[in-house]
Amino acid sequence: MFRRQRSIPLRGSAAALCNNLSVLHLPVCNLTHFGVVHGPSAQLLSVAPEGVPLAQRQLHAKEGAGVSSPLITQVHWCALPFRVLLVLTSHRGIQMYESDGSVMVYWHALDSRDASPVQAMFARGIASCGHFICVGMWSGRVLVFDIPAKGPNIVLSEELAGHPTSVTDIASEPAQEQDCMADVVTADDSGLLCVWRSGPEFKLLTRIPGFGVPCTSVQLWKGIAAAGYGNGQVRLYETSTGALHVQINAHARAICALDLAPEVGKLLSAAEDTFVHIWKLSKRTESGCTEVEHCHGECVPDTQVCGARFCDPSGSSFAVTGYDLAEILRFSSE
């Protein structure tokens, strides 16, 4: 059972973008960082356990070439084995910062020569895997950046081609011992999922076809890809084969965010129907089948939810953002 806790005030509000909330839990400092996008800026907050903001910072999209102010599409903390970087994507490019947002260590401008005159350019979908950071593009490509242990010498090491339409989201999990195990999954506007094995050269393992509905958010857990779609469904696929294990008619409207608490196998789904649901995933060792149990449902009345994340790896608390809502809502288990 989850109870509403003290909300975190925002200087602005949250834009109506899917996956518009990023959370970085810092147990050593007893702090949690939150990141929310609104227009050309992203707001970062450092929050104490009781919900009191201790520090705030605003980051702006780098102008680059163009007349109008660029809009930010996503902000996300990438926890690499040796450092944490904050990645910001926009209609102009990709910005990488130290974890507190104080120093920009890398800037990658989008190349307008790759876009048609009627096509909007943007980067969207961010995930880290090992010492790589993957970022999705409007063209369907995925850029792979090789991150050094320290310093700004970040290198674009590879461009992955697998999607016919714009990338919507990227998820990863720590690589397993087996060479065949997938550790990155990418999704696009057609609903197609591409499953990859990371390394010096990324390898495409599986393509899971779409069904005419965008996949707005994706997560990866123990060889299972959890995908949320524009029709409100959550589907669980086996990454090695692409086989559909479970289909849940989870929401009445489009899903805007999925998140996983990896320590306990909890899956969070949030949608434009004002509901946030929490599901318990488990795998039967003898049969390899995936089972799902509904644990909790929370209605956020009169709110177009646009982001939701667990606030800790054990899934004991979660946070929610809503369009034009000047606060981050927090919930924790009793």
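The values are calculated or read from the model by the stated rules, or taken from the named source; none is laboratory data. Since this is a predicted model, take the numbers as computed values, not measurements. As a convention, Cβ positions derive from the backbone with ideal geometry for all residues, glycine included, and neighbour counts pool all protein chains shown. Please note that ligands, DNA and RNA were not included when accessible areas were found on the heavy atoms of the full protein model with its side chains. Shrake-Rupley method; radii C 1.70, N 1.55, O 1.52, S 1.80 Å.
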Three-way shape call for the stretch 218-334 based on the alpha-carbon gyration tensor, with the a/c threshold at 1.5: prolate
Unit charges at the beta carbon, dipole of the chain: most positive-side option, Ile248, Ala326, Gly210: Ala326
Between the stretch 258-295 and the stretch 10-69, the alpha-carbon center distance in angstrom: 26 Å
Extension gain (nm, one decimal) between Glu293 and Asp324, 0.36 nm per residue minus Cα-Cα: 7.9 nm
Whether the stretch 16-111 is rounded, prolate or oblate, judged on the alpha carbon gyration tensor where a/c under 1.5 counts as rounded: prolate
Gyration tensor (alpha-carbon) shape descriptor, the stretch 97-239, a/c threshold 1.5: oblate
Candidate lysines - alpha carbon under 16 Å from Lys222, same-chain residues fewer than 8 apart omitted: Lys266, Lys280, Lys283
Structure-derived Cα extents along the principal axes in Å - corresponding label in (i) 56, 40, 39; (ii) 52, 44, 40; (iii) 60, 45, 44: (ii)
Accessible-area ranking of Thr216, Thr285, largest first, probe 1.4 Å: Thr285, Thr216
Unit charges at the beta carbon, dipole of the stretch 1-112: most positive-side option, Leu110, His91, Leu10: Leu10
Net charge dipole size for the chain [Lys, Arg +1 and Asp, Glu -1 on Cβ; Debye, nearest 20]: 300 debye
The stretch 1-121 - percent of accessible surface contributed by carbon and sulfur, probe 1.4 Å: 54 percent
Solvent-accessible heavy-atom area per residue, rounded to whole Å², over the chain at 1.4 Å: 42 Å²
